[in-house]
1. So which of B:298/B:398; B:398/B:484; A:288/B:269 end up more than 28 Å apart by C-alpha?
2. What's the angle, to the nearest 10 degrees (0 to 90), between helix A:2-15's Cα axis and the longest principal axis of chain A?
3. Once amide H atoms are built 1.01 Å from N in the peptide plane, which residues 5 or more positions from residue A:133, or in another chain, come under 5 Å H to H?
4. Indicate, rounded to the nearest 5 percent, the antiparallel portion of the DSSP beta bridges found entirely in chain B.
5. Rounded to the nearest 100 Å², what's the accessible area chains B and A bury against each other, both chains counted, probe 1.4 Å?
6. Which order do the peptides B:296-304, B:489-497, A:349-357, B:157-165 come out in when sorted by mean C-beta neighbours inside 10 angstrom, highest first?
7. What residues in the range B:456-493 lose 50 Å² or more of accessible surface when the other protein chains are added to their chain alone (1.4 Å probe)?
8. List every residue whose amide H lies under 5 Å from the amide H of residue A:342, counting only residues 5 or more places away in sequence or on a different chain, with H placed 1.01 Å from N in the peptide plane.
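The values are calculated or read from the model by the stated rules, or taken from the named source; none is laboratory data. This one's a predicted model, so the numbers in the text were calculated from it and none came from an experiment. In this analysis, Cβ positions are derived from the backbone assuming ideal geometry, glycine residues included, and neighbour counts consider all displayed protein chains. Just the protein is used for accessible areas: all its heavy atoms, side chains included, with ligands, DNA and RNA removed. Shrake-Rupley method; radii C 1.70, N 1.55, O 1.52, S 1.80 Å.
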Amino acid sequence: MKKRLSFLLCFMITFYLLQAGGFRVSLQGIRQAAMAHTSAHTRDASVVFFNPAGMSFIPSKLSITGGMFAVITKAEFQSVNSLYKAKTDNPVSPPFNFAAAYKATDNLSVGLSVSTPYGSSVDWGKDWMGKNLITKIKLEAFFIQPTVAYKITDWFSIGGGYIFATASANLEKAISNINGSMKLKAGGAPGYGYNLGMYFRPTKELDVGISYRSEVKIKARKGNVYLHIPSSLIGTDKFATTTDRFDTNIPLASELTLGLTYKISKSWSISSDWNFSGWHEYKDLTFKFYQNKIGNDPHNPTISSSPRKFKNSSAYRIGTEYSPSDKLAFRLGYYYDESPVKDEYWNPETPSTDNQAITGGLGYKLTDNLYIDLSGIYFVGESRNIDNENAGFYGQVKSSSYMVGLGLSWNAF
Amino acid sequence: MKKIIYPFLFSFLTIIFSCNNDFDGEGNVSDIEVNSGEANFSRYIALGGSLTSGFKDGALYIEGQKQSYPAIIAEQMKRVGGGMFKIPYMEDELGGIPFLGISNKLSLEIVNGGLSPTVAQGKGITTLTNIYSQGPYQNMGVPGAKSYHLISLGYGDPTNLPLGAANPYFIRFASSPNTSILEDAMKQDPTFFSLWIGYNDILGYAMSGGDGSNTLTSVSTFQTTYNTLLSKLVSKGAKGIVASIPNVTASPFFTTVPYNPLTPQNLTKTNPNQIKELNNAFESLNNVFDFLQHPERKIKYSSTQANPLLIKDKDLVDLKSQIKMVLISKGVSTNQAELMGTLYGQSRQATGEDFIALTALRSIAQINSKAISEGIPSSLAVNGVTYPLIDSWVLTAKEREKTNLATMQFNNIIKNLSDQYNLAFFDANALINDFNKNSGLNFNGVNYTSQFITGGAFSLDGIYFTSRGYAIIANGFIKAINKKYKSNLPYVDPNAYQGIKYP
């Protein structure tokens with residue numbers, strides 16, 4: 001009976017396929033992560049990333065917070081038609097976050113957030129079936145966000161800020177038709193954006209936040225191309241040089257967040273978020289090579305383009321915090337994060353799946369001003385089909401991920 | 001509080017961990033069992049011609065045999081009771097049989113600063129020594145074998161070689177001089193067979209440009225032969241698969257050289273006045289054609305557009321004597337008039353309906369040495385420009401129609417007989433045509449087209465496939481076998497096999 005019940009619950013939950021995913025790394029606050037990464041929390045400066053307007057409600061004139069995660073993800077691919085399977089052997093990723101907020105006047109706060117909201121580190125191995133699509137990829141985008149908030153009334157604040165982004169991308173793949181391989185490396189690629197927020201505290205018990213982070217278009221220019229190809233092809237019309245340059249644009253999706261936190265009692269609160277990501281902007285992955293004519297564009301052989309056609313996606317989050325004492329806090333959360341990737345355009349360089357996650361964590365108040373937080377997330381990426389006719393790539397994929405994070409927050413005065 | 005927390009926590013964890021994260025659908029690949037369905041793969045024999053033997057790059061050699069489509073299929077069958085699959089390997093990776101003048105495989109070499117298919121260096125060590133004692137062999141594909149050769153007794157008899165009634169490749173592994181390929185196959189009591197035959201019947205005709213040296217097998221011969229083959233093969237209860245044959249014009253051998261490669265730039269490379277001189281040289285001949293009311297035979301070179309090759313078309317009315325007479329009446333010497341008549345009696349400029357053989361590439365716009373040795377002046381001995389391209393280098397529109405018609409007729413026979421004998425059918429003709437489509441075919445991120453060399457599907461001879469192409473074909477066979485016999489033999493990844501090797 002219990003099995004049937006839990007299976008039913010599982011089925012119901014699975015039915016609520018919900019979204020966000022792609023290569024978004026939602027780990028910008030250790031405490032928040034333990035509560036399904038919900039956003040309506042103003043204990044410390046970490047709110048600068050989630051909702052700049054929340055700075056006005058931090059119970060300290062100066063707040064500094066920082067934390068780091070260790071993320072281990074694994075994706076598994078299989079093809080029933082070929083009875084083939086492969087899995088990734090990814091290195092541990094260390095997304096980090098740092099934020100500071102300062103109340104310059106009673107109503108005006110300024111803040112800074114530095115984080116890695118987008119990233120991916122995937123290694124499928126050199127010889128796997130999808131090697132001509134990707135063997136290895138590492139993407140990372142740093143966001144540096146100066147922000148400002150203005151408290152209009154004692155229950156309503158607005159805020160906004162600027163985003164300076166810098167990204168790096170390394171990817172490797174095979175070029176089997178000439179028994180070769182290619183490595184692309186780009187670093188320091190810039191992008192710009194802004195964020196806006198409104199934070200409400202209509203009653204002591206209820207916090208409501210609305211925030212929007214714009215799309216940030218990363219423009220990689222003069223990246224390096226390293227081609228490993230048979231010597232007889234070097235210098236031919238198609239492969240002018242083994243060290244070429246490339247340009248590419250990668251859109252990091254805009255994100256709209258609605259979050260709320262409700263204090264059920266002095267020691268117990270529940271939070272919930274809805275994130276909506278504008279991944280629709282990511283239509284294709286296009287590389288423009290400077291010299292080599294290794295592209296697939298019929299009008300310009302130096303351009304290589306393959307469709308991605310991401311769709312807008314959402315995530316639903318629910319979390320809770322229970323403090324049995326002033327010093328200790330227990331946190332728990334659950335979220336659904338839908339993949340923005342369609343079956344027809346699924347590509348192993350972004351092994352995206354619909355994810356269900358359980359989060360948890362502890363917080364301890366070391367001193368009156370200093371908090372230490374520990375959190376963990378386990379997510380299961382549901383099995384999905386790959387039906388990519390464009391690449392002639394078919395199969396199924398599933399994934400899982402463990403994340404552990406540790407952070408410190410100092411609310412100075 | 002505990003009363004709320006612990007059940008909450010417990011149900012959360014139960015929910016999450018009872019959501020088992022197996023793959024949807026048929027579940028995890030490691031749990032799937034390969035089964036042979038209604039078929040029995042314990043003794044699989046492959047019959048056919050060059051395509052079945054693994055012939056590629058203009059030769060049969062070990063690597064090609066190891067990666068032939070029957071070897072690939074047999075490898076997959078091993079997972080479900082498939083037995084031994086022996087191959088009558090050649091003695092080396094060169095494939096040449098010097099004793100018979102069979103040359104080594106082609107390989108890409110740098111020639112004059114560019115990559116070109118060249119006969120591989122070295123001396124082939126394969127002889128006609130019979131290796132049957134190390135057999136019997138399950139891949140019975142014999143390069144060059146036409147349909148009726150599979151049932152010819154004595155096809156493996158060395159004494160029949162000079163008569164053209166034996167095949168060196170079969171001589172090597174025949175059980176006796178008077179056996180036939182079919183008999184040797186039946187001796188092994190196969191439980192499953194593949195038969196892909198008929199391509200060599202058409203190919204010989206097409207590759208010799210229909211010059212008469214190699215005739216098309218008649219439809220009735222093909223029908224009776226194919227029926228004989230199938231009735232014998234199923235006679236002891238074996239199941240099997242047959243495949244339609246490809247269109248010869250789907251291969252780069254016929255689609256690489258354009259009918260009009262003589263661009264003004266090419267023609268005036270060494271002599272800026274070349275085009276003017278050509279038109280002057282043909283002026284009187286063109287006047288003769290006008291007079292004879294055959295303006296379509298006129299030979300004209302444009303200085304603005306790409307010009308078609310000059311070809312010989314034996315289906316044209318031979319105007320040799322008329323040309324001679326008119327020229328003599330205009331005061332041209334008898335010898336000269338005779339020469340012009342002989343050279344241009346059945347010539348015309350090619351059109352887009354004509355297909356030029358890959359082997360003509362090296363000779364186009366070169367001096368024809370045979371013509372020179374016959375005393376023809378060099379100005380009239382330039383292949384494809386002033387000296388009409390010989391028959392064997394051109395598949396004219398008419399010849400192509402004949403080829404396509406025969407292919408279609410053979411394929412109808414193959415399909416009908418496969419239905420009649422209740423066998424699996426693989427439409428290889430359709431698959432191979434797909435390589436010709438603009439975008440080709442994609443497998444795991446690699447694009448395959450019918451482009452010569454760069455396309456990846458066809459080997460350096462322009463006719464037969466690379467091992468990757470054969471792997472794609474093997475998947476086609478496997479798909480059709482699975483469909484008919486409800487087995488689930490797994491596909492292979494074509495990119496894991498050998499493609500074109502670049503030095």
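1. B:398/B:484; A:288/B:269
2. With rounding to tens, the tilt is 70 degrees.
3. HN-HN under 5 Å from residue A:133: A:174.
4. Here the antiparallel bridges make up roughly 55 percent for chain B.
5. The contact between A and B buries close to 3900 Å².
6. Packing order, densest peptide first, comes out as A:349-357, B:489-497, B:296-304, B:157-165.
7. Residues shielded by partner chains are B:468, B:491.
8. A:311
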